[in-house]
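Contents: one structure, followed by commentary.
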Amino acid sequence: MKKTILLGAVALLATTAFAAAAPLGQFTDHQDIGKPRHPGSASYDATTRTYRITAGGQNMWANHDDFHYVWKKMSGDVRASVDLTFVSPAPPPGAPGVIHRKGGIILRQDLDPDSAYVDVLRMGNEQLSLQYREKKGDETHLIWINTARQGTVRLEKIGDYVYLSVPGADGKLHHAGGSFKLHLTGPYYIGLGVCPHDDSKTETMAFKNLKIEPAKSVAWTKDATLQTMAVANTHEDQLEQTAVVTTTGGLGDVAWEPDGKSLTYRSGGAFWRVAAEGMETKAPQKIATAAAGPRENTAWVYYSDAKSGKLWRVRPNGSGRAQVTKDSGTRDFSPHVSPDGKWLLYASAPTGTAARRDSDLDIRLIPIANGNPDLDRAVTMAKPYGGADALAFDPWSADSKSFAFVSHQPGPE
């Protein structure tokens with residue numbers, strides 16, 4: 001009798017395990033990541049080619065994620081696109097999920113809640129974001145994408161670079177800026193995920209016309225993206241960027257408007273104005289002239305020394321010349337002191353990189369205390385791919401609370 005019961009229990013476990021791994025459309029399985037209070041669920045309608053995911057979970061942020069994930073394993077380069085919409089009604093104003101409920105395409109190294117990952121998410125504020133965690137247990141970074149078209153997205157992983165595309169005015173998918181480098185080793189997970197950003201609630205989203213295919217390296221159009229960041233007092237706020245505009249016509253003469261709400265730039269032989277924040281989704285406006293030029297800081301003149309590849313500074317009268325940065329592994333360039341004199345912003349490329357060749361960059365920020373840069377408190381604010389034009393303009397807003405930089409789409413030279 002005991003043997004019969006034991007065999008029956010084994011059979012039941014085997015049946016349960018098989019059911020849990022039942023394919024769902026293109027995917028192998030689905031499950032909760034982390035510990036959402038409300039278990040998630042997923043379904044697939046083959047007639048309409050629609051996945052419907054309902055999820056609980058507090059957030060996908062910092063070093064821990066709680067959400068529901070539909071997934072399969074993959075290796076190599078990949079291109080995935082999907083149409084995505086919220087099914088659940090919008091939360092009331094002030095509710096936790098009103099801005100940050102989210103869902104989209106997600107690539108993860110593993111299924112642990114602190115896994116390295118990258119995703120493109122449609123957010124509750126009707127905006128898109130590109131989120132990523134570089135290493136297991138690290139903090140999450142976010143790039144807001146300034147676009148009014150959030151109904152379709154494409155995420156591509158080619159080598160160690162990740163790219164996001166969204167529909168343009170012509171209805172076709174175009175690169176949206178905010179590309180970055182993320183190394184996923186061996187097989188990784190790809191799928192769809194949803195999080196309500198409120199552990200007391202659930203969120204349902206629909207995903208239609210999903211297409212997942214191997215990606216091939218191509219000769220990219222040399223897109224340039226104008227991005228902004230806020231100089232915040234908290235570490236978490238320093239993790240957010242905004243890709244305000246991406247163009248194939250080049251980016252030059254970048255300048256902030258005096259109110260700090262917009263930037264102007266030259267592209268394609270014309271001048272344009274664009275909102276500095278990702279929450280404002282209006283298209284760039286053509287204008288007659290750009291905003292005012294750079295503001296000079298008269299206390300010190302900071303410059304990049306061509307021989308040493310380091311930043312130096314000198315008094316306007318030529319006295320007090322001294323080296324500022326000393327990292328032997330970088331070539332530092334384009335230093336800019338904030339209008340209030342409290343911050344030094346500059347770009348770094350790997351040592352040996354030619355000055356006019358694109359590469360992985362660090363956008364670095366050093367606090368200035370009592371007139372002196374405090375190197376021990378230096379922070380890497382962003383890691384774009386770019387070149388000499390990354391900070392080849394006055395990047396600071398007049399109130400010293402925000403700065404801008406230019407990134408390029410990675411790809412073959």
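Brief remarks follow.
- Restricting the range 372-387 to residues that are without any contact (Cβ under 8 Å) to a residue 60 or more places away in the chain and outside any strand (DSSP E or B), the residue that is nearest to the chain's Cα centre (by Cα): GLY387
- Subset of the range 325-371 (residues that are in a loop (DSSP other than H, G, I, E, B) and among the small types (Gly, Ala, Ser)): SER328, GLY329, SER338, GLY341, GLY352, ALA354, ALA355, GLY371
- Checking GLU213 against (1) in contact with a Lys or Arg (Cβ under 8 Å, 6 or more places away or on another chain); (2) surrounded by 12 or more Cβ atoms within 10 Å (Cβ to Cβ); (3) modelled with pLDDT of 90 or more, the condition it does not meet: (2)
- Long-range neighbours under 6 Å by Cβ, at least six apart or interchain, first residue without any contact (Cβ under 8 Å) to a residue 24 or more places away in the chain within the range 330-355, second assigned to a loop (DSSP other than H, G, I, E, B): ALA349/LEU361
- Residue ID - farthest from the chain's Cα centre (by Cα), chosen from residues in the range 388-413 that are buried (at least 21 other Cβ atoms within 10 Å of the Cβ) and free of Cβ contacts under 8 Å to residues at least 60 places away in the same chain: LEU391
- Subset of the range 168-185 that is closer than 23 Å to LYS136 by Cβ and modelled with pLDDT of 90 or more - its residue that is surrounded by the most Cβ atoms within 10 Å (Cβ to Cβ): LEU184
- The criterion of being assigned by TED's automatic domain parsing to the domain that holds ILE53, more than 23 Å from MET381 (Cα to Cα) and not acidic (Asp, Glu) holds for LEU111.
- Failed item in (1) among the β-branched types (Val, Ile, Thr); (2) surrounded by fewer than 18 Cβ atoms within 10 Å (Cβ to Cβ); (3) not in a loop (DSSP other than H, G, I, E, B), with ILE53 passing the rest: (2)
- Any chance LEU84 is modelled with pLDDT under 95 and surrounded by 19 or more Cβ atoms within 10 Å (Cβ to Cβ): no
Conditions (1) charged (D, E, K, R); (2) in the same structural domain as ALA243 (by TED's automatic domain parsing); (3) surrounded by 15 or more Cβ atoms within 10 Å (Cβ to Cβ), marked per residue:
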residue	(1), (2), (3)
LYS282	yes, yes, no
TYR302	no, yes, yes
ARG313	yes, yes, yes
ASN317	no, yes, no
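- If you go through the range 138-148 and keep only what is at pLDDT below 90 and surrounded by fewer than 17 Cβ atoms within 10 Å (Cβ to Cβ), you end up with just ALA148.
- Conditions (1) under 25 Å from the mean Cα position of the chain (by Cα); (2) basic (Lys, Arg); (3) at pLDDT below 95: number failed by ARG364: (3)
- ALA90 at pLDDT below 95 and on the phi < 0 side of the Ramachandran plot: yes
- One residue stands out among those in the range 154-165 that are among the hydrophobic types (A, V, I, L, M, F, W, C) and within 14 Å of the chain's Cα centre (by Cα): the one that is surrounded by the fewest Cβ atoms within 10 Å (Cβ to Cβ), which is VAL162.
- Within the range 366-376, tally of residues that are of a type outside the set (Val, Ile, Thr) and either more than 19 Å from ALA299 (Cβ to Cβ) or buried (at least 20 other Cβ atoms within 10 Å of the Cβ) (or both): 2
The values are calculated or read from the model by the stated rules, or taken from the named source; none is laboratory data. Fair warning: this is a prediction, and the values are worked out from it, not measured in the lab. Glycine also receives a Cβ, built like all others from the backbone with ideal geometry; neighbour counts cover every protein chain displayed.
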